[in-house]
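*Asks:* Quick one: structure below, then a few questions.
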Amino acid sequence: MINAQTIDIVIGMATVYLVVAIICSAINEMLAAALNLRAKTLVAGIRELLGDYADSVLAHPLIVKTSAPNKPPSYVEPRLFAAALLDVVTSQVPIHLVADTDEIRTAVQENVPGHAKESILAFLDGTKQNYDKLVADLSSWFDAHMDRISGGYKRRAHTIMAACALIVVVILNIDSLKIYSRLLAQPAVAAAVATRGDYIAKTAEVEAAAKGQPPADFGAQLAAMHQDLQSLELPIGWHRDAGDFTNPFQKIVGLLITALAATLGAPFWFDVLGKLANMRSVGTKPNGK
């Protein structure tokens, strides 16, 4: 049977991991914005797709208007990319012949260099003189390529997230083993942390952050999350007289557990905390009933 104290302890640990994950996500978002990583990834993907022809497409008004002035776009809608590409390709074609795939084929052969020419010609071969199908095929081509590129971006972001988690956990001394011992030894503290976890799980701002929405005010959100950690009244922070330096191996294990848990991400812990909070509100039932 799962008793109330066990649920409180699990909620307490999940609450800590959620708050740490949100702090790390906020830092990750700040770094991504400061370094313009999404835009750089998109531009690199388009250059990989079109080679030397990418600059002409990126300079097209349809692409330029999707970003802030003098900044590369961080997202381009696939059909917008296809429209910009075809417009650049057919810039020397009379307007009344633009939808003629034979004229487009000639323009591609004359103007588009490298492997991009081969790819577009292959799509033209499959269109059977259907301009709309050509646009759809180019859109799908771009979308599939960017899916692969975004996979690499997510892996890099996860690596940065892991590094952020380790740094945050070490700086704040968020030791899972020590926190678990406190919750286990003091049921009243576990119950108080679980109650706080219920509140955090129902906070709209936390939900938005956990679902990956960028913070409106990074500094304010980071301060709020740090305040949440402090309000939990758990053994967080470095204290020479609290036994933090007596067992280095245990300390390293406890910190690593927290860092690894945080890398699972805020959405994961938000969902876990929500389910645990519902379980706690319903209450435990005797075994077999």
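*Asks:* Would you kindly state how much longer the chain becomes between HIS115 and THR246 on full extension, computed as 0.36 nm times their sequence separation minus their alpha carbon distance, in nm to one decimal? Spell out each step's value before the answer.
*Replies:* Working: separation 131, 0.36 × 131 = 47.16 nm, distance 6.21 nm.
This chain segment gains 41.0 nm when fully extended.
*Asks:* Ok, one more. Of CYS164, CYS24, how do they rank once you tally other Cβ atoms within 10 Å and put the fewest first? Write down the numbers at each step before the final one.
*Replies:* Numbers: CYS164 23, CYS24 26.
Taking fewest neighbouring Cβ atoms as first place, the list is CYS164, CYS24.
*Asks:* May I pose another question? Counting pairs on different chains as well as pairs 8 or more places apart, how many Lys pairs in region 37-151 have Cα atoms under 30 Å apart?
*Replies:* The number of close lysine pairs in region 37-151 is 9.
*Asks:* Quote to one decimal, in nm, the extra length available between SER150 and ARG79 on full extension: 0.36 nm per residue of separation minus the C-alpha distance between them. Could the numbers behind the result be given before it?
*Replies:* On the way: separation 71, 0.36 × 71 = 25.56 nm, distance 1.78 nm.
Roughly 23.8 nm would be gained on extension.
*Asks:* Do me a favour and compute the ellipsoid semi-axes for region 41-156 from its Cα gyration tensor, root of five times each eigenvalue, largest one first, whole Å.
*Replies:* Working: eigenvalues 114, 50, 31 Å².
Over the Cα atoms of region 41-156, the semi-axes work out to 24, 16, 12 Å.
*Asks:* For the pair LYS275 and LYS71, how long in nm is the line joining their label points, each one 7 Å along Cα→Cβ?
*Replies:* Calculated label separation equals 3.8 nm.
*Asks:* What spacing in nm lies between the two simple spin-label points modelled at ARG105 and HIS239, each 7 Å away from Cα in the Cβ direction?
*Replies:* So the label points at ARG105 and HIS239 sit 7.9 nm apart.
*Asks:* Okay, moving on. Compute, for region 1-133, the length of the dipole vector about the Cα centre, with Cβ point charges of +1 (Lys, Arg) and -1 (Asp, Glu) only. Units Debye, rounded to 20. Could you put the intermediate results ahead of the total?
*Replies:* On the way: 10 positive and 14 negative charges, 65 e Å.
Value, rounded to 20: 320 debye.
*Asks:* Provide HIS158, HIS60 in ascending order of the number of other Cβ atoms located within 10 Å of each residue's Cβ, fewest first.
*Replies:* Numbers: HIS158 13, HIS60 17.
With the fewest neighbours first, HIS158, HIS60 line up as HIS158, HIS60.
*Asks:* Okay, moving on. So for the pair GLN129, LEU260, with labels modelled 7 Å out along Cα→Cβ, what separation do we get in nm?
*Replies:* Once both label points are built, they end up 6.4 nm from each other.
*Asks:* For each of THR66, THR159, THR90, count neighbouring Cβ atoms within 10 Å of the residue's Cβ, then give the residues from fewest to most. Mind dumping the intermediate values first?
*Replies:* Working: THR66 16, THR159 11, THR90 20.
Listing THR66, THR159, THR90 from fewest to most nearby Cβ atoms yields THR159, THR66, THR90.
*Asks:* Could you tell me the distance between the Cα centroids of region 12-66 and region 145-194, to the nearest Å?
*Replies:* Between the Cα centre of region 12-66 and that of region 145-194, the gap is 22 Å.
*Asks:* I would also like to ask the following. Need the full-extension length gain, ALA163 to LEU177, defined as separation in residues times 0.36 nm minus the C-alpha distance. One decimal, nm.
*Replies:* Numbers: separation 14, 0.36 × 14 = 5.04 nm, distance 2.04 nm.
The ALA163-LEU177 span can extend by a further 3.0 nm.
*Asks:* Less than 13 Å apart at the alpha-carbon level, and either on another chain or at least 8 residues along: which aspartates and glutamates does that give for LYS275?
*Replies:* ASP8, ASP198
Quick note: the coordinates plus some simple rules give every number you see, no bench work behind them. Worth saying up front: this structure is predicted, and the values here are computed from it rather than measured. Heads up, the Cβs are rebuilt from the backbone with ideal geometry, glycines too, and the neighbour counts pull from every protein chain shown.
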